[in-house]
Amino acid sequence: MKGQIDKITDSEVLFEQEFKINGGDFINAGESSSKLKNILKEIGINTDIIRRLAIAAYEAEVNVVTYARHGIMRILIYPEKILLTIEDEGPGIGDIDQAMQPGYSTATEEIREMGFGAGMGLPNMKKNADIFNISSIVDKGTKLEITMNLNDKNA
Amino acid sequence: MTGKKIKLSKVIEQFNLKIECGEQFLDKEIKGGYVSDLLSDVIANCKEGYIWITLQGHPNIVAVAVLKEACGIVIINNRQPEEETIKKAKKEKVPIMTSSLTAFELVGKLYELGISG
Ligand SMILES: Nc1ncnc2c1ncn2[C@@H]1O[C@H](COP(=O)(O)OP(=O)(O)O)[C@@H](O)[C@H]1O
Ligand SMILES: [Mg+2]
């Protein structure tokens, strides 16, 4: 593998699946994450990785439902890592540093009453991911990349 | 704690919880409990086989319980689940119970019985 580090994403994709997420659909929010979790269980991924990835996936899914028009969640499993991307079309995030602050939320009162909008979604994604990347363009959308390493000795 | 296995059905009977749906799935062991109304908190901290105590009654609690593999949801304080919540819970085989107790009272009783967090 040495000397190929920069080509690591070109390695063989063992499994790939996409889930569509609809903005505003609070009733079904989280279902894609549950399907994803079941797939990872069937494949036999380490339970701690599944637990952390399911937390990140749910939070990302709920954010698309809460803030964006629609989005795609994609899982790519490689021999050495799992890559979860969530890409949406929506308002985007102007100040990512602010959005990443624990407790920061622009959720409406109605949404907070439902138990969403604690401002812990992005911080918890970051905390549970091995690598967390976020990029966003205002009035276009947001893209999240969550990577889990599969070959860690302590994983 | 006692190390004794406690089933959902036992807790329902002992504390007079009202079964709203999922009566076929009450033969499950309660492995612990979590109480919160913030979904991010539940997603981060509730564990598999736990009983989840909340005052939320909207449909998304079912998705949260499914994802965390909670053994059931108890909605406290005389709050009622929405119709859509029950529909979803039936489909997903998640037992939902209601109680007139407050979260504090119910958690106290569960803890006393040997269920911890
Ligand atoms: N996909 C997204 N599109 C637009 N804004 C977002 C998105 N995800 C997060 N945000 C913004 O970042 C804030 C913080 O997100 P998060 O940490 O998940 O907390 P919460 O969703 O509870 O507000 C949100 O309130 C929102 O303003
Ligand atoms: Mg969020």
Stick to Cα atoms and the Kirkwood definition of Rh, then tell me Rg/Rh for chain A. 0.97
When you look at the Cβ of every residue in B:56-62, what mean number of other chain Cβ atoms sits within 10 Å? 5
Taking Cα atoms, the helix B:103-113 axis meets the longest principal axis of chain B at an angle in degrees (rounded to 10) of 40 degrees
Tilt relative to chain A, helix A:31-43 - C-alpha long axis, 0 to 90 degrees, to 10: 10 degrees
With each pseudo-label sitting 7 Å past Cα toward Cβ, what's the B:TYR111-A:ASP48 distance in nm, one decimal? 2.9 nm
Rounded to a whole number, the mean other protein chain Cβ count within 10 angstrom for residues of A:18-29 is 2
Do the alpha carbons of any pairs in A:LYS143/B:LYS31; A:LYS126/B:LYS28; A:LYS41/B:LYS28; A:LYS41/A:LYS140; A:LYS35/B:LYS7 sit beyond 31 Å of each other, and which pairs? A:LYS143/B:LYS31; A:LYS126/B:LYS28; A:LYS41/A:LYS140
Just by accessible area at a 1.4 angstrom probe, what is the order of A:LEU14, B:LEU55 from largest to smallest? A:LEU14, B:LEU55
Give, rounded to the nearest 20 debye, the magnitude of the charge dipole that the stretch B:6-113 has about its Cα centre when Lys and Arg contribute +1 at Cβ and Asp and Glu contribute -1 at Cβ. 180 debye
What aspartates and glutamates sit close enough to A:LYS81 to cross-link, taking a C-alpha to C-alpha distance under 19 Å and skipping anything fewer than 8 places away on the same chain? A:ASP6, A:ASP10, A:GLU12, A:GLU16, A:GLU18, A:GLU42, A:ASP48, A:ASP130, A:GLU145, A:ASP152
To the nearest 0.05, what FRET efficiency results for B:GLU29 and B:GLU83 with a Förster distance of 35 Å applied to their C-beta separation? 0.75
Average other protein chain Cβ within 10 Å of Cβ, residues A:112-124: 5
Ignoring ligands and nucleic acids, A:LYS20 exposes an accessible area, probe 1.4 Å, in Å² to the nearest 10, of 140 Å²
What is the antiparallel percent of DSSP beta bridges lying wholly in the protein assembly as shown, to the nearest 5? 75 percent
If eta is 1.306 mPa s and T is 10 °C, what Stokes-Einstein diffusion coefficient results for the protein assembly as shown, Kirkwood Rh from Cα pairs, in µm²/s? 81 µm²/s
Once phi for every residue in the stretch B:54-59 is put through the Karplus expression 6.51 cos²θ - 1.76 cosθ + 1.60 (θ = phi - 60°), the whole-Hz ³J(HN,Hα) values, with Gly and Pro written as x, are 7, 9, 6, x, 7, x
Got a sec? Charge dipole of the protein assembly as shown, +1 on Cβ for Lys and Arg, -1 for Asp and Glu; which of A:GLY141, B:ILE12, A:TYR104 is way out at the positive end? B:ILE12
Highest mean first, what order results for A:61-70, A:78-87 on Cβ atoms within 10 Å? A:61-70, A:78-87
Computed, not fitted: 222 nm per-residue ellipticity of chain B from DSSP H runs ≥ 4 (each -39500 (n - 2.57)), nearest 500, equal to -10500 deg cm²/dmol
Long-range amide H partners of B:GLY72 with built H, under 5 Å: B:TRP52
Reciprocal of mean inverse Cα separation for the stretch A:61-115 (Kirkwood radius, Å): 13.2 Å
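Ignoring ligands, DNA and RNA and using a 1.4 Å probe, state the total buried accessible area between A and B in Å², rounded to the nearest 100.
Summing both chains' loss of accessible area gives about 1600 Å².
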Specify which residue in the list A:LEU36, A:TYR78, A:LEU53 is farthest towards the positive end of the charge dipole of the stretch A:28-149, using unit charges on the beta carbon of Lys, Arg (+1) and Asp, Glu (-1), about the Cα centre. A:TYR78
Dipole of the protein assembly as shown, Cα-centred, from +1 at each Lys and Arg C-beta and -1 at each Asp and Glu C-beta, to the nearest 20 debye? 920 debye
Per Stokes-Einstein, at 25 °C and 0.890 mPa s, what whole-number D in µm² s⁻¹ belongs to the stretch B:6-113, with the Kirkwood radius over Cα pairs as the hydrodynamic radius? 186 µm²/s
Expressed as an acute angle from 0 to 90° and rounded to the nearest 10, what is the orientation of the C-alpha long axis of helix A:47-67 relative to the principal long axis of chain A? 30 degrees
Let me know the charge dipole size of the stretch A:19-153 about its Cα centre in debye, to the nearest 20, where only the beta-carbon of Lys, Arg (+1) and Asp, Glu (-1) is charged. 440 debye
Only helical DSSP H runs with n ≥ 4 go in: add -39500 (n - 2.57) per run for chain A, normalise by residue count and round the 222 nm mean residue ellipticity to 500 deg cm²/dmol. -9500 deg cm²/dmol
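The values are calculated or read from the model by the stated rules, or taken from the named source; none is laboratory data. What you see is a predicted model; the values in this text were computed from it and never measured. No Cβ is skipped: glycine too gets one built from the backbone with ideal geometry, and neighbour counts run over all protein chains shown. Heavy atoms of the whole protein, side chains included, go into the accessibility calculation; ligands, DNA and RNA do not. Shrake-Rupley method; radii C 1.70, N 1.55, O 1.52, S 1.80 Å.
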